[in-house]
Amino acid sequence: MEPVIELTRLSKKYDHYTAVNQLDLTIYRGEVFGLLGPNGAGKTTTILMMLGLTERTSGDVKVLGLDPNQHAITIKSKVGYMPDDIGFYDDRSAIDNLIYTARLNGIKEKEARMQAEQLLHRVGLADAATKKVSSFSRGMRQRLGLADVLIKQPEIIILDEPTLGIDPEGVRELLELISQLSKEEGITVLLCSHHLHQVQQVCDRVGLFVKGELVACGNIHQLSQAINQDSLTTIELEIKHYPASLQAALQELEQVASIQAQSQPNGEEMMTALSISCTEDITPVIAKLAAEHTELYMIRRKGYGLDDIYHQYFEGGETRETALKAK
Amino acid sequence: MKQLLKLNEARTSLKQWLQPIRKSERSDRMQLSASKAAFRVMVQKEFSDHIRSWRFAILLAIIVLACIGSIYSAITALQAQGSGSSANSFLFLKIFTLSDGTIPQFTQFVAFLGPLMGIALGFDTVNTERSKGTLSRLISQPIYRDDFLKAKFTASLLLVSIVIFSLGFLVMGLGLIVIGFPPTPEEFIRVLLFLLMAVVYVGFWLNLSILLSVRFKQAATSALFAIAIWIFFTVFYSIIINLVSNAILPDQNGTTEEIMRYYNQMDLLSRISPAELFGDITTTLLMPNVRSLGVLTMEQVTLALESPLALGQSILLVWPQLTALVALTVICFGLSYYWFMRQEIRARS
């Protein structure tokens with residue numbers, strides 16, 4: 001795989017504050033990479049450094065093999081950047097705004113108009129093309145922003161919080177559009193967000209970014225494996241009763257480390273929810289046992305979603321920090 | 001034959017060696033022409049933005065009204081003066097400099113309203129783009145950062161020069177119709193030069209306000225600041241100069257050197273103000289009878305012929321003032337360039 005963005009030991013310091021600290025990150029061609037982190041983690045600063053919009057304190061940046069401090073123009077002609085809270089010239093129409101961007105990228109007027117029309121159609125704003133941007137809703141602006149990024153026919157697009165302030169349906173459409181773009185046109189996408197679920201939906205790989213440091217990087221599976229270090233598999237099941245015979249049978253299994261039981265209301269009756277930690281994945285065995293002793297409603301092997309991953313890392317970061325402060 | 005073959009070989013290897021260099025050169029050149037095109041596109045956009053804006057329409061209306069008033073006043077004054085006066089030479093220039101006392105003359109209007117126009121066109125160039133979030137989008141396009149500033153300045157200056165020149169010609173044309181007295185070529189050139197100087201003067205205020213718009217994040221702050229500077233130089237500065245002048249006034253029985261030094265000091269002080277510089281320029285260009293901008297001793301005046309200065313001499317006389325104005329403009333531009341190039345551009349910050 002060809003790397004398109006390479007950051008090595010990249011740092012950015014403001015007066016007393018380190019926004020980005022010794023960041024190493026490589027993004028490959030054609031992938032959708034999610035940069036995930038809470039507000040103020042240094043995501044935007046990192047992007048600005050990639051585009052040469054702010055000076056770095058130390059480290060190295062290569063975008064498409066070029067250093068943004070020396071070849072900012074070439075990089076900016078191949079990388080589309082959509083800032084969070086994107087602004088347009090409000091007194092101009094949507095298509096005028098797009099044509100202006102296109103012409104700044106050296107596209108001739110006629111061609112620019114054609115492409116702008118196509119793109120507006122693609123992002124679903126064809127009807128609003130000649131309306132002034134001031135009348136646009138938040139979601140429409142974001143979609144126009146996407147069109148604005150695409151009109152230069154970029155190799156990489158960088159989207160900073162693209163889903164901020166859009167309704168769920170709008171988010172779904174936007175994310176669909178993004179993953180479609182990446183698949184059909186082979187565009188590398190760098191998506192910054194603090195909405196884990198959205199990132200989870202579209203990203204091939206995710207980087208977790210906390211306080212200027214990349215605490216974890218990889219696909220969802222790798223990340224969940226990384227947290228699940230004690231290598232216990234948790235199996236959850238819901239059964240009608242929890243007889244002592246089942247309990248004994250379960251405890252006899254050598255793979256079972258611990259069992260937690262909890263009775264829960266199930267409609268008018270009661271049922272029991274079990275959470276069993278095992279050293280191995282023995283879901284079928286447990287299912288069979290449970291079915292023999294009682295009525296089995298549900299059984300599943302618990303996997304780690306991004307939510308858990310996010311919590312684990314960010315909480316870890318916080319406790320680490322409070323521990324440091326206590327010292 | 002063998003030699004020829006070798007030569008050919010050498011040539012192809014040289015070509016191969018040169019190819020990457022040429023390629024990069026070509027791409028550089030392509031980029032250069034692309035950035036030039038982008039610059040032109042930006043200027044076009046800014047220009048049309050200005051023309052569509054209400055603010056420009058209002059300014060234009062004020063200035064046009066002021067000009068019509070000043071022509072009216074000049075013409076009444078001219079008629080009152082009659083044709084018998086000795087000032088018949090350079091009669092045409094008087095349209096610009098004469099007043100009947102009720103309404104100020106054309107040059108004063110330009111000196112007074114020109115800065116306002118410059119400020120109005122420049123005070124929100126950078127900070128509004130920043131607060132609307134368009135700046136970060138614009139800067140992430142393949143354009144040079146300085147091109148953005150240059151485009152803003154060029155577009156506004158272009159507009160200013162169009163307005164000033166068309167007003168100047170309008171006044172000339174009206175004057176021609178009313179007094180029925182055509183300008184001599186020298187007078188025409190003097191008027192043209194005056195208009196050019198007015199553009200330079202407004203250009204200075206434009207640049208000052210662009211500088212403030214880079215420096216201050218709020219458009220209102222930069223507008224207020226620019227207006228404060230303008231009012232300071234047009235109103236308060238002369239008051240301060242008067243105070244200083246009273247304080248350092250030499251004894252009436254002082255020597256000629258003392259008195260000369262005093263006048264030179266006062267001239268120097270008052271010429272810190274760009275308004276004063278522009279005033280000097282207009283006086284010299286439009287009133288050829290003005291022979292010096294400083295003091296003249298009796299010694300220098302005796303035996304001098306009471307004749308107007310030649311055009312070349314007038315220009316020579318205002319050359320330092322012109323240089324100072326251009327220098328001020330360049331300093332402002334340099335500062336805004338310096339600040340803007342180092343600024344971090346985030347969305348809506």
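Given the criteria surrounded by fewer than 22 Cβ atoms within 10 Å (Cβ to Cβ) and either at negative phi or in contact (Cβ under 8 Å) with a residue 40 or more places away in the chain (or both), does residue B:135 qualify?
no
Can you pull out the residues in segment A:56-73 that are touching a helix residue (DSSP H, G or I) at 6+ places or on another chain (Cβ under 7 Å) and at the interface with another protein chain (Cβ under 9 Å from one of its Cβ atoms)?
If the condition is that a residue be touching a helix residue (DSSP H, G or I) at 6+ places or on another chain (Cβ under 7 Å) and at the interface with another protein chain (Cβ under 9 Å from one of its Cβ atoms), then A:73 is the only one that fits.
Working carefully through the options A:52, A:80, find the one that is buried (at least 16 other Cβ atoms within 10 Å of the Cβ) and either touching a His at 6+ places or on another chain (Cβ under 7 Å) or in contact (Cβ under 8 Å) with a residue 40 or more places away in the chain (or both).
From the options A:52, A:80, the qualifying one is A:80.
Quick one: count up the residues across segment A:40-49 that are within 13 Å of chain B (Cβ to nearest Cβ), surrounded by 20 or more Cβ atoms within 10 Å (Cβ to Cβ) and out of contact with any Ser or Thr (no Cβ under 9 Å at 6 or more places or on another chain).
Of the residues in that region, 4 qualify.
State all residues of segment B:133-151 that are facing chain A (nearest Cβ under 7 Å) and among the basic types (Lys, Arg); if no residue qualifies, say none.
Across segment B:133-151, the qualifying residue is only B:137.
Provide a single number: the residues in segment A:83-129 that are polar (S, T, N, Q) and facing chain B (nearest Cβ under 10 Å).
3
Run residue A:269 past the list (1) modelled with pLDDT of 75 or more; (2) under 30 Å from residue A:200 (Cα atoms); (3) open to solvent by 70 Å² or more (accessible area, probe 1.4 Å) and report the number of the one that doesn't hold.
With respect to (1) modelled with pLDDT of 75 or more; (2) under 30 Å from residue A:200 (Cα atoms); (3) open to solvent by 70 Å² or more (accessible area, probe 1.4 Å), residue A:269 is out only on (2).
Taking residue A:110 and the conditions (1) in contact with a Cys (Cβ under 9 Å, 6 or more places away or on another chain); (2) under 21 Å from residue B:42 (Cβ atoms), which numbered condition does it fall short on, given that it satisfies the others?
Condition not satisfied by residue A:110: (1).
Of the numbered conditions (1) modelled with pLDDT of 80 or more; (2) more than 14 Å from chain A (Cβ to nearest Cβ), residue B:20 fails exactly one; give the number of that condition.
With (1) modelled with pLDDT of 80 or more; (2) more than 14 Å from chain A (Cβ to nearest Cβ) applied to residue B:20, the lone miss is (1).
Could you check segment B:99-132 and list, in sequence order, the residues that are within 17 Å of residue B:214 (Cβ to Cβ) and not hydrophobic (A, V, I, L, M, F, W, C)?
Across segment B:99-132, the qualifying residues are B:118, B:122, B:124, B:125, B:127, B:128, B:129, B:130, B:131, B:132.
So, restricting to helices (runs of 4 or more DSSP H) that lie completely within segment A:111-219, which ones have at least 1 residues that are at negative phi, of a type outside the set (A, V, I, L, M) and open to solvent by less than 10 Å² (accessible area, probe 1.4 Å)?
A:138-150
Among the residues of segment A:229-260, count how many are open to solvent by 60 Å² or more (accessible area, probe 1.4 Å) and free of Cβ contacts under 8 Å to residues at least 24 places away in the same chain.
The qualifying residues number 8.
So which of B:76, B:125 is out of contact with any Gly (no Cβ under 9 Å at 6 or more places or on another chain) and more than 14 Å from every other protein chain (Cβ to nearest Cβ)?
B:76
Any chance segment A:273-283 includes a residue that's open to solvent by 30 Å² or more (accessible area, probe 1.4 Å), at pLDDT below 85, over 28 Å from residue A:34 (Cβ atoms) and more than 35 Å from the chain's Cα centre (by Cα)?
no
Go through B:97, B:125 for me and flag whichever is among the polar types (S, T, N, Q), within 26 Å of the chain's Cα centre (by Cα), more than 29 Å from residue B:189 (Cβ to Cβ) and open to solvent by less than 30 Å² (accessible area, probe 1.4 Å).
One residue alone meets the criteria, B:125.
How about segment B:234-281: which of its residues are surrounded by fewer than 16 Cβ atoms within 10 Å (Cβ to Cβ) and of a type in the set (Phe, Trp, Tyr)?
B:236, B:263
Assess whether residue B:224 counts as being part of a helix (DSSP H, G or I), farther than 30 Å from residue B:98 by Cα, at pLDDT 90 or above and under 20 Å from the mean Cα position of the chain (by Cα).
So residue B:224 does not fit the description; no.
The values are calculated or read from the model by the stated rules, or taken from the named source; none is laboratory data. For clarity, every value in this text was computed on a predicted model and none was experimentally measured. Cβ coordinates were reconstructed from backbone atoms using ideal geometry, including for glycine residues, and neighbour counts include every protein chain displayed. Side chains are part of the model used for accessible areas, which takes the heavy atoms of the whole protein and leaves out ligands, DNA and RNA. Shrake-Rupley method; radii C 1.70, N 1.55, O 1.52, S 1.80 Å.
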